[in-house]
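Notes to accompany the following structure.
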Amino acid sequence: MNLIKKKLQTLPKDYRAKIMLRLYAGVAKPSPKMGQSLGPLGINMMQFCKEFNAASQAFRPDVPLRVQVIAFPDRTFKFLIKPPETTWFLRKATGTDKFTNFPGYIWYDTISLQQVYEIAKVKQEMDPHLKHVSLPAICRMIIGQLASLGCNLSTQYFKPETIVRPEIKS
């Protein structure tokens, strides 16, 4: 709880707006869609694109990142980069572009528990809101999404020696 209070204390109370954008890492450029959301707030799109591209250079250019932009009355801004949605990770893990239209009735893909664990590690690493959540809890969240996407969970390729539990230090 203290972590959440600290995050809320660092955000000034007099911000103008919060905007959520989806941008590809390292290749953001001014576009009409970005102009419609940043323009009314007085944020310079070129400056935002330069700062975002510099901050997201570590990612591959085909990764769609979620960006939360906080605009202030003096036309300055802050942004927070979040990882892609879980469905993007699951699509990459299964190798499909689209999941089933009839979840619960038609099961197209299978994903291993090892892949779910790897996705959970990436989500916990990158998402500031999930840093305090345990890895098993994030895995359960991802497994809960599998049924609504038409994916089965397989434990066939699961390797127990690759899991490191934080409470057991050796």
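The values are calculated or read from the model by the stated rules, or taken from the named source; none is laboratory data. These numbers were taken from a predicted model, which means no experiment stands behind them. Positions of Cβ are backbone-derived with ideal geometry, glycine not excepted, and every protein chain shown enters the neighbour counts. Quick note on the areas: whole protein, heavy atoms, side chains included, nothing else; ligands and nucleic acids left out. Shrake-Rupley method; radii C 1.70, N 1.55, O 1.52, S 1.80 Å.
Packing here is the average count of other Cβ atoms within 10 Å per residue, and on that basis the peptides 17-23, 99-105, highest first, run 17-23, 99-105.
Could you give the length gained by full extension between Arg66 and Tyr105, i.e. 0.36 nm per residue of separation minus their alpha carbon distance, to one decimal place?
Numbers: separation 39, 0.36 × 39 = 14.04 nm, distance 3.11 nm.
Taking 0.36 nm per residue and subtracting the Cα distance, the gain is 10.9 nm.
With the simple model of a label 7 Å out from the Cα in the direction of the Cβ, Lys78 to Leu41 spans 1.3 nm. Taking label points 7 Å from Cα along the Cα-to-Cβ direction, Glu118 and Ser31 give a separation of 2.8 nm. Each semi-axis of the equivalent ellipsoid for the stretch 104-147 is √(5λ) with λ an eigenvalue of the Cα gyration tensor; in descending order they amount to 22, 10, 8 Å. As a ratio to 2.2 N^0.38 Å, the alpha-carbon radius of gyration for the stretch 21-126 is 1.31.
Multiplying the residue separation of Glu85 and Tyr15 by 0.36 nm and removing their Cα-Cα distance gives an extension gain of 22.6 nm.
Close amide-amide hydrogen proximity is noted between Thr110 and Asn152, each under 5 Å apart and 5 or more residues distant or on a separate chain (H modeled in the peptide plane; Pro and chain starts excluded).
So what does Trp88 come to for accessible area, using a 1.4 Å probe and Å² rounded to 10? Ignoring ligands and nucleic acids, Trp88 comes out at about 40 Å².
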